[in-house]
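Asker: This is the structure, below, for whatever I ask next.
Each value in this text was obtained by applying a stated rule to the coordinates, not by laboratory testing. Here the structure is a predicted model, which means the values were calculated and not measured. Every residue, glycine as well, gets a Cβ built from its backbone with ideal geometry; the counts of neighbours run over all protein chains shown.
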Amino acid sequence: MRSLGKQKVLSIKTIVAIGIGSALFVILGRFGSIPSGVPNTNIETTYALLALFALLYGPVAGLLIGLIGHTLKDAIFYGSPWFSWVIASGLVGLIIGLLTSRISIHDGEFGKRELIRFNLAQIAANAVAWFIVAPVLDILIYAEPANKVFTQGLIAGAANIVTVAIIGSLLAVAYAKTRTKQGSLSREA
Amino acid sequence: MKANMLTFTKQDSPIHRLTGATKLIIFVVWSVAAMITYDTRCLAVMLVFSLFPFILSKVKFRDYAFVLSLILLFFLLNQLAIFIFSPLEGVRIYGSRHDIVHLAGRYTLTWEQLFYQFNIALKYAVVLPMALLFLLTTDPSEFAASLNRLGVNYKIAYSVSLALRYIPDVQRDYENISFSAQARGIDISRKEKLSRRVKNIISILMPLILTSIERIDKISTAMELRGFGRKTKRTWYKTRPFSSQDYIALGLIALIAIASTVITFYDGSRFYNLFEPN
């Protein structure tokens with residue numbers, strides 16, 4: 001598994017991770033949102049999943065899980081994909097994947113430094129995607145009023161940042177604990 | 001938690017007989033054309049055209065009734081939100097103002113706003129029949145083959161096909177895990193305190209994600225053993241050759257898309273303006 005980064009961009013594992021990750025994105029996107037207490041804002045657990053998979057399987061997987069997962073979710077449950085937000089989801093996965101590519105969580109390394117790095121990456125990714133890209137595309141494609149889409153983007157982005165910061169981080173820490181650390185064996189005297 | 005989703009049902013109709021690739025192209029071209037234009041005349045004509053294949057396809061109302069009601073709800077909320085955030089957007093776009101009634105504060109209902117929101121409604125309505133039709137009449141296994149035929153790398157096409165294949169499995173896993181968690185008193189609804197709710201959600205997500213990661217390892221090992229990805233091309237079990245019907249359908253769609261784009265930009269604006277400047 002350590003050779004993950006050295007392989008071709010689309011290794012078999014990445015391809016499968018994109019497929020299963022998209023399926024998870026669809027199901028969590030539909031059933032996994034829980035009320036946050038703030039009206040009209042839900043905790044979208046699906047973005048915690050996207051962040052974790054981008055961290056585990058890299059930027060290409062993150063991008064494609066966002067694009068494919070969100071398109072399928074919109075198509076299957078709501079009839080037609082909302083492309084501006086689909087693109088934003090893909091971007092979130094891509095940016096998190098790029099910025100965390102040096103964290104080797106497969107080797108069980110996920111301490112304080114990695115945690116901070118992961119969270120800086122997800123904050124940057126969510127801010128770019130929801131505060132800028134999604135509203136701008138909404139205006140370009142659907143000609144919706146600017147103040148409406150920027151307010152929506154602001155709420156969604158803030159909610160996603162908090163969701164990934166709490167649930168995403170907890171998932172990553174828990175996953176790292178299931179892996180065996182490199183050099184964890186010591187010679188008995 | 002019965003899933004009310006759009007799924008393919010095997011039927012026989014001219015629409016079902018079209019190849020998946022044709023339907024995919026039509027859906028994409030149609031969506032893009034509808035996205036570009038804001039011309040009311042084009043949208044209205046396209047809406048009428050989109051209803052023909054819908055009738056032709058003989059899809060049953062109950063197959064999409066639930067999703068349709070969900071869409072309508074979302075759609076109403078969105079219309080309402082547009083008015084609340086920007087009651088004079090139409091006035092800004094069309095450059096004139098004809099008031100109907102003053103509601104309260106900055107909220108005045110104008111003909112321009114009504115027309116603008118009517119256009120937004122039309123824009124959704126035009127895409128909807130085609131999207132529903134595409135999802136209801138395309139065999140998921142054929143879908144991957146059609147993506148590949150359109151030039152998408154077959155490995156990515158295979159990912160999409162894996163996603164479609166595993167959505168029901170993941171859903172079953174999610175239901176099993178969440179029901180057994182609920183049976184042990186782990187609640188994620190509004191009744192629980194927020195901090196507890198988050199903790200409880202983790203105890204559902206963690207097993208789901210760990211089993212999925214295990215599944216990824218298993219499937220990728222199996223694919224590796226069968227030599228997946230060794231060659232630059234592959235064949236598909238479900239692929240079908242284009243028939244004359246496919247070419248006719250594609251020709252028609254190209255014609256409509258080009259016509260609508262030309263008409264839209266003929267006068268230099270995406271919007272069709274009914275109003276005289278005042």
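Asker: Please report, to one decimal in angstroms, the Kirkwood hydrodynamic radius of the range A:118-162 built from all distinct Cα-Cα pairs. Write out the running numbers ahead of the final one.
Answerer: Values: mean 1/r = 0.0957 Å⁻¹.
Evaluated on the range A:118-162, it is 10.5 Å.
Asker: Taking the Cα centre of the range B:29-153 as the origin, how large is its charge dipole in debye, to the nearest 20, when only Lys and Arg (+1) and Asp and Glu (-1) carry charge on their Cβ atoms? Walk me through the numbers on the way to the answer.
Answerer: Numbers: 9 positive and 7 negative charges, 15 e Å.
With Lys and Arg at +1 and Asp and Glu at -1, about 80 debye.
Asker: May I pose another question? Taking only the alpha-carbon positions of the range A:83-177 and ignoring solvent, what does the Debye formula give for the base-10 log of I(q)/I(0) at q = 0.16 Å⁻¹?
Answerer: Results for the range A:83-177 at q = 0.16 Å⁻¹ read -0.66.
Asker: When the Debye formula is applied to the Cα atoms of the range A:11-177, each taken as the same point scatterer, what base-10 log of I(q)/I(0) results at q = 0.09 Å⁻¹?
Answerer: -0.27
Asker: Can you list the DSSP H helices in chain B whose Cα atoms extend at least 18 Å along the helix axis and whose mean Kyte-Doolittle hydropathy is -0.5 or higher? Display every interim value, and only then the final one.
Answerer: On the way: long enough: B:20-36 (24 Å, 1.96); B:40-56 (25 Å, 2.06); B:61-85 (35 Å, 1.90); B:111-137 (39 Å, 1.17); B:154-183 (43 Å, -0.15); B:194-225 (46 Å, 0.59); B:244-266 (33 Å, 1.53).
Qualifying helices: B:20-36, B:40-56, B:61-85, B:111-137, B:154-183, B:194-225, B:244-266.
Asker: A further question follows. What full-extension length gain, to one decimal in nm, is calculated for B:SER269 and B:MET206 as 0.36 nm per residue of separation minus the Cα-Cα distance?
Answerer: Taking 0.36 nm per residue and subtracting the Cα distance, the gain is 17.5 nm.
Asker: Place a +1 charge on the Cβ of each Lys and Arg in the protein assembly as shown and a -1 charge on the Cβ of each Asp and Glu, then give the dipole magnitude about the Cα centre in debye, rounded to the nearest 20. Walk me through the numbers on the way to the answer.
Answerer: On the way: 48 positive and 27 negative charges, 336 e Å.
Result for the protein assembly as shown is approximately 1620 debye, rounded to the nearest 20.
Asker: Per DSSP H run of at least 4 residues, take -39500 (n - 2.57); add these up for chain B, divide by its residues and hand me the 222 nm value, nearest 500 deg cm²/dmol. Show your work: numbers first, answer last.
Answerer: On the way: 10 runs with 191 residues, N = 278.
That comes out to -23500 deg cm²/dmol.
Asker: Now for a different question. Report, as a whole number in µm² per second, the diffusion coefficient that Stokes-Einstein gives for chain B at 10 °C and 1.306 mPa s using the Kirkwood radius over alpha carbon pairs. Provide the component values of the computation, followed by the final result.
Answerer: Working: Rh = 22.8 Å.
Diffusion coefficient, whole number: 70 µm²/s.
Asker: If you count, for every residue in A:77-89, the Cβ atoms of partner chains within 10 Å of its Cβ, what is the mean?
Answerer: Working: counts 8, 8, 16, 13, 3, 1, 3, 0, 0, 0, 0, 0, 0.
Shielding by partners across A:77-89 averages 4.
Asker: Compute a Gaussian network model of chain A, connecting alpha carbons closer than 10 Å, and tell me which residue from A:ILE167, A:ILE87, A:ILE139 fluctuates the most.
Answerer: Of the options given, A:ILE139 has the highest mean-square fluctuation.
Asker: Got the relative contact order for the range B:106-250 handy, in percent, Cα pairs under 8 Å and 6 or more residues apart? Write down the numbers at each step before the final one.
Answerer: Details: 42 pairs, mean separation 35.1, N = 145.
With pairs under 8 Å counted, the relative contact order is 24 percent.
Asker: Run the simple label-point estimate for B:PHE61 and A:ARG117 please: 7 Å along Cα→C-beta, distance reported in nm.
Answerer: Here the modelled spin labels are 5.9 nm apart.
Asker: According to a simple spin-label model (label point 7 Å from Cα along Cα-to-Cβ), what is the distance in nm between B:ASP217 and B:SER189?
Answerer: Roughly 3.7 nm, to one decimal.
Asker: Rounded to a whole number, what is D in µm²/s for the protein assembly as shown from Stokes-Einstein with the Kirkwood radius over alpha-carbon pairs (20 °C, 1.002 mPa s)?
Answerer: On the way: Rh = 24.0 Å.
D = 89 µm²/s.
Asker: In addition: Indicate the helices, whole DSSP H runs only, in chain A that combine a mean Kyte-Doolittle hydropathy of -0.5 or more with a Cα extent along their long axis of 20 angstrom or more.
Answerer: Details: long enough: A:12-31 (29 Å, 1.83); A:83-99 (24 Å, 2.24); A:112-126 (21 Å, -0.14); A:146-163 (25 Å, 0.81).
The answer, listed by residue number, is A:12-31, A:83-99, A:112-126, A:146-163.
Asker: Given the options A:GLY79, A:GLY62, A:GLY90, which has the most mean-square fluctuation in a GNM of chain A, springs set between C-alpha atoms less than 10 angstrom apart?
Answerer: Of A:GLY79, A:GLY62, A:GLY90, the Gaussian network model singles out A:GLY79 as fluctuating most.
Asker: Starting from the coordinates of the alpha-carbon atoms of the range B:140-237, obtain the Kirkwood hydrodynamic radius over all distinct pairs and give the value in Å to one decimal. Write down the numbers at each step before the final one.
Answerer: Numbers: mean 1/r = 0.0623 Å⁻¹.
Every distinct Cα pair counted, the radius reaches 16.0 Å.
Asker: Stretch B:ARG230-B:MET35 to full length: gain in nm at 0.36 nm per residue minus the Cα-Cα span? Let's see the in-between values first.
Answerer: Details: separation 195, 0.36 × 195 = 70.20 nm, distance 3.92 nm.
In short, 66.3 nm is gained.
Asker: Under a Cβ-Cβ cut-off of 13 Å, what is the net charge of the residues other than A:LEU154 that fall near it, where Lys and Arg count +1 and Asp and Glu count -1?
Answerer: Values: positive: A:LYS148; negative: A:ASP138.
Spelling it out: positives minus negatives among the neighbours equals 0.
Asker: Within 10 Å of each residue's Cβ, count the other Cβ atoms and sort B:ARG226, B:ARG197 from fewest upward.
Answerer: B:ARG226, B:ARG197
Asker: Here's something else I'd like to know. Describe numerically, in nm with one decimal, the distance between label points set 7 Å from Cα along Cα→Cβ at A:ALA189 and at B:TYR107.
Answerer: Result: 7.9 nm between the two label points.
Asker: Still on this model: Run the numbers on chain A and let me know its relative contact order in percent, using alpha-carbon pairs under 8 Å that are six or more apart.
Answerer: Values: 275 pairs, mean separation 42.3, N = 189.
Value for chain A: 22 percent.
Asker: How high is the relative contact order of the range B:1-73, in percent, with contacts defined as C-alpha pairs under 8 Å that are six or more residues apart?
Answerer: Numbers: 20 pairs, mean separation 46.6, N = 73.
It comes to 64 percent, rounded to a whole number.
Asker: For peptide B:255-268, how many partner chain Cβ atoms fall within 10 Å of a residue's Cβ, on average?
Answerer: Numbers: counts 0, 0, 0, 0, 0, 0, 0, 0, 0, 0, 0, 0, 0, 0.
Mean shielding count: 0.
Asker: Given springs between every Cα pair under 10 Å in a Gaussian network model of chain B, which of B:PHE228, B:PHE134, B:PHE66 has the largest fluctuation?
Answerer: Its mean-square fluctuation being the largest, the pick is B:PHE228.
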